[in-house]
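The values are calculated or read from the model by the stated rules, or taken from the named source; none is laboratory data. Remember, it's a predicted structure, so these values are computed and weren't measured experimentally. Don't worry about glycine lacking a Cβ; one is built from the backbone with ideal geometry, like all the others, and counts go over all protein chains shown. Quick note on the areas: whole protein, heavy atoms, side chains included, nothing else; ligands and nucleic acids left out. Shrake-Rupley method; radii C 1.70, N 1.55, O 1.52, S 1.80 Å.
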Amino acid sequence: MKSHLLHIALLASIGASALIADPAPAPASFTESLTHGKVSINARLRYETVDQDGFADADALTARLRLGYTTKAYKGFQAMIEGEAVTPIVKDYFDSTGTNGSNYAAVADPEVYHVNQAWLAYTYEKTKGTLGRQKLILDNARFIGDVGWRQNDQTFDAFVVQDKSFEKTTLTYAYLERINRIFDDSGAQPDWDSNSHVFNASYAGFPIGTLTAYAYLLDFDADSAPAVKTAVRNNSNATYGLSLAGTRPFNKDWKASYRLEYATQSDYGNSALGYNADYYVAELGGAYKTYTLTAGYEVLGSDNGLVGFKAPLATMHAFNGWADAFLATPAGGLTDTYLKAGAKAPGPVQLLAGYHFFGTEDAATTLAQEFDALAVYKLNKQLSFTAKFAKFWSDQTGAATADRTKFWLQADYAY
């Protein structure tokens with residue numbers, strides 16, 4: 001039976017109110033710590049359209065509002081609570097929960113009203129422990145992330161300890177009891193029960209960059225239909241990896257960046273798959289003033305074409321193209337050869353474009369290609385506007401490689 005430890009902690013943190021570190025003077029009393037906290041507001045209005053072969057065109061206009069409160073720290077204790085509402089205004093799309101016609105192309109933004117975060121934390125010197133519902137992003141979010149692009153992000157009912165006692169070293173341990181996924185838990189894509197352990201250690205003291213070692217022991221289950229339950233359980237895996245990432249400036253105008261990473265993975269816990277697969281990436285970038293160019297080669301391996309490398313807790317939208325065609329690795333693995341270019345246009349406008357060439361791990365099959373483009377206009381610190389485009393095309397047959405075009409218009413406000 002699933003433990004209710006974190007659910008009790010959530011109620012306790014709600015009763016205690018909310019927290020994160022504040023540079024202002026420490027409050028003189030517990031009452032002052034509660035009443036002199038900070039209100040946070042995050043609002044987003046988004047229009048998304050999807051044209052995908054085999055489905056009716058999707059049109060989605062959704063609004064998201066998050067209201068949070070963080071108190072000042074008092075004798076090392078902090079707390080935080082945040083509510084979230086996601087409301088569809090135009091819902092001509094399949095939201096992946098079964099609450100709208102599946103003849104439409106999918107837009108993974110269901111209607112949601114819930115507590116998004118509620119946690120209680122304690123800090124002693126350079127060590128911080130956090131218990132409750134919280135966000136967790138490690139490294140570049142390739143394995144552990146918050147899926148921040150979707151309206152309802154991914155959070156964790158978890159106990160997280162982070163220590164920075166050693167110079168330029170960050171040690172993180174997390175026990176994940178529940179994965180609050182981006183879908184509505186009442187639909188066909190439930191939240192996941194979890195008995196997972198996360199270890200991450202990074203050292204930023206090397207001249208060439210930051211070295212990170214990690215071990216992610218992920219074990220999942222779900223209270224759902226047998227087929228869904230089996231699929232969830234088979235996402236369980238043990239992943240061990242090492243990465244080295246850095247930036248080297250040559251002068252005030254020129255700099256280079258790179259990332260090298262390798263990981264190996266096998267089945268773990270409730271998984272019945274019995275497999276081994278590897279992951280690796282090599283990326284090299286250059287920047288001249290406000291212009292950037294990055295080239296990379298990423299491989300999500302396969303066990304003899306039967307099971308592909310898994311990253312079930314990743315912020316997948318940030319990898320392998322914005323069309324989200326490869327949210328799950330194909331059984332034959334996936335290679336992604338990519339090129340990205342960015343520039344800051346005149347005024348507060350940021351531009352980014354990318355091209356992806358996808359294949360199977362053994363390079364025997366060309367799967368697809370994709371072009372992405374993005375423009376962000378920041379009016380001020382609080383308000384920004386985004387236009388985003390993704391076009392994915394393939395000569396292969398099947399739902400996973402169906403041609404699709406996606407377009408987004410979005411306004412974000414944060415206070």
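Some observations on this one:
- With 0.36 nm allotted per residue and the present C-alpha distance subtracted, the PHE77-VAL90 stretch has 0.4 nm of extension available.
- Mean projected area of the Cα convex hull of segment 198-354, taken over all directions, amounts to 11.3 nm².
- Bins of 5 Å, starting at 0 and running to the largest distance - Cα pair percent for segment 37-143: 2, 11, 15, 14, 15, 14, 10, 7, 5, 4, 1, 0
- Among PHE250, PHE389, the order of accessible area from largest down is PHE250, PHE389, computed with a 1.4 Å probe on protein heavy atoms.
- Cα centroid separation - segment 309-348 against segment 385-415, whole Å: 11
- Net length gained if the chain between PHE30 and LEU273 were fully extended (0.36 nm per residue, minus Cα distance): 82.3 nm
- Inter-part distance where segment 32-50 and segment 54-81 are each reduced to a Cα centre, Å: 6
- Distance cut-off 13 Å, percentage of C-alpha pairs in segment 97-148 lying past it: 74
- Of all lysines in the structure, those lying under 20 Å Cα to Cα from LYS406, and not within fewer than 8 positions of it along the same chain, are LYS91, LYS340, LYS388, LYS391.
- Counted over segment 21-130, the DSSP beta bridges are approximately 95% antiparallel.
- Sequence of ILE208, ILE41 when ordered by accessible area, the most exposed leading, probe 1.4 angstrom: ILE208, ILE41
- Label-to-label distance, ALA188 versus ASN251, with points set 7 angstrom from Cα along the beta-carbon direction: 6.0 nm.
- With a cut-off of 20 Å on the backbone N, the residues of segment 238-270 near the modelled label site 7 Å out from LEU306 along Cα-Cβ are 238-239, 264-270.
- Under 16 Å from the LYS126 label point (7 Å along Cα→beta-carbon), backbone N, segment 148-173: 162-173
- Calculated FRET value between LEU383 and TYR113, using beta carbons and R₀ = 25 Å, to 0.05: 0.55
- Taking amide H as placed 1.01 Å from N in the peptide plane, the amide H of TYR268 sits under 5 Å from that of ASN237, ALA238, each at least 5 places away or on another chain.
- In the full protein context, segment 78-194 carries 39 Å² of accessible surface per residue, based on a 1.4 Å probe and ignoring ligands, DNA and RNA.
- Near ASP303: Cβ cut-off under 13 Å, other residues only, Lys/Arg at +1 and Asp/Glu at -1. The net charge is -3.
- All C-alpha to C-alpha distances of segment 312-415, sorted into 10 Å bins beginning at zero, yield P(r) values of 14, 40, 28, 14, 4, 0 percent in whole numbers.
- Given a 1.4 Å probe and the protein chains as shown, HIS36 ends up with an accessible area of around 100 Å².
- Accessible carbon and sulfur surface of the chain relative to its total accessible area, %, 1.4 Å: 61
- Over the Cα atoms of the chain, the radius of gyration divided by the Kirkwood radius equals 0.95; this is the Rg/Rh ratio.
- As a length-normalised measure over Cα pairs under 8 Å and 6 or more apart, the relative contact order of segment 348-405 settles at 29 percent.
- Accessible surface calculations at 1.4 Å, restricted to protein heavy atoms, place segment 290-349 at 39 Å² per residue.
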